[in-house]
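All of the numbers you see were taken from the coordinates with simple rules; none came from a lab. Small disclaimer: the values here were computed from a predicted structure and weren't measured. Here Cβ is always computed from backbone atoms with ideal geometry, including for glycine, and neighbour counts include all displayed protein chains.
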Amino acid sequence: MTAPHGPLALDVDEARSRLPGLTVLDVRTPGEYATGHLPDALNIPLDRLKSALPTLRRIPGGQLLVVCASGARSENACRVLAEHGVRAMTLTGGTQGWARRGHELHRPTVASRATWSMERQVRFTAGAIVLTGLGLGLLHPAWQLLSAGVAGGLVFSALSNTCGMAALLSKLPHNRPRPADLEATLATLAQRGEVPVT
């Protein structure tokens, strides 16, 4: 377990060996979660995390593992949780790293819409905007500023390890949970006995 200038991190092998004793929280969008998640992982999207704090505070320290696709969002989630007194660890490499090591990802038994990962949605949207700006720039050079703006945003995103475009895309209907989903997730935590019911 390491904590170099950030949240505590478990590599895939450490996480797998400790998995039965951990509460796994997947902070990706519901659509991404449905494409495959760690065994018994519960989905609370990053932008809904603060509303789940009262329940998450009751999870015993050192037993909460936060995951996302690659590890960036789960690191951000761990920082948010730490600011509110919740100890959590992040999975190095996220679900992508888990799958690369040959470990199984669980998928819902009911058919669900195929949703692209957030990184893929960002790449597609950024590329489409850049191409649109370049195309419209043939009509009027000012449109090229659209492409320049996206390029600047991508550089800022890399330097700050944040992504404004991902935050905007997460608001789209296919990336949003139904209101009852968060309540069901929190109820599941309580039913498992991991969180005392008060």
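Out of the DSSP beta bridges found with both residues in the chain, what percent are antiparallel (nearest 5)?
15 percent
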*If one takes the longest principal axis of the Cα atoms in the chain, at what angle in degrees, from 0 to 90 and to the nearest 10, does the Cα axis of helix 72-83 lie?*
60 degrees
_Solvent-free Debye scattering, log10 I(q)/I(0), computed from the Cα coordinates of segment 118-162 at q = 0.33 Å⁻¹_ = -1.08
_Given an 8 Å cut-off on Cα distances and at least 6 residues of separation, report the relative contact order of the chain as a percent._
24 percent
_the chain, helix-only ellipticity at 222 nm - DSSP H runs n ≥ 4, -39,500 (n - 2.57), divided by all residues, nearest 500_ = -13500 deg cm²/dmol
*Helix 144-160 sits at what angle to the longest principal axis of the chain, using alpha carbons and giving 0 to 90 degrees rounded to 10?*
30 degrees
*Report, in degrees rounded to the nearest 10, the 0 to 90 angle that the Cα long axis of helix 118-137 makes with the longest principal axis of the chain.*
10 degrees
*For the chain, what ratio Rg/Rh do Cα atoms give with a Kirkwood hydrodynamic radius?*
1.03
*Taking the mean number of other Cβ atoms within 10 Å as a proxy for protection, how do you rank 138-149, 42-53 from highest to lowest?*
42-53, 138-149
*In terms of modelled amide H atoms, which long-range or inter-chain residues lie less than 5 Å from the amide H of LEU42?*
VAL24, LEU25, ASP26
_Ordering of 85-96, 14-25, 66-77 by packing [mean C-beta count within 10 Å, highest first]_ = 66-77, 85-96, 14-25
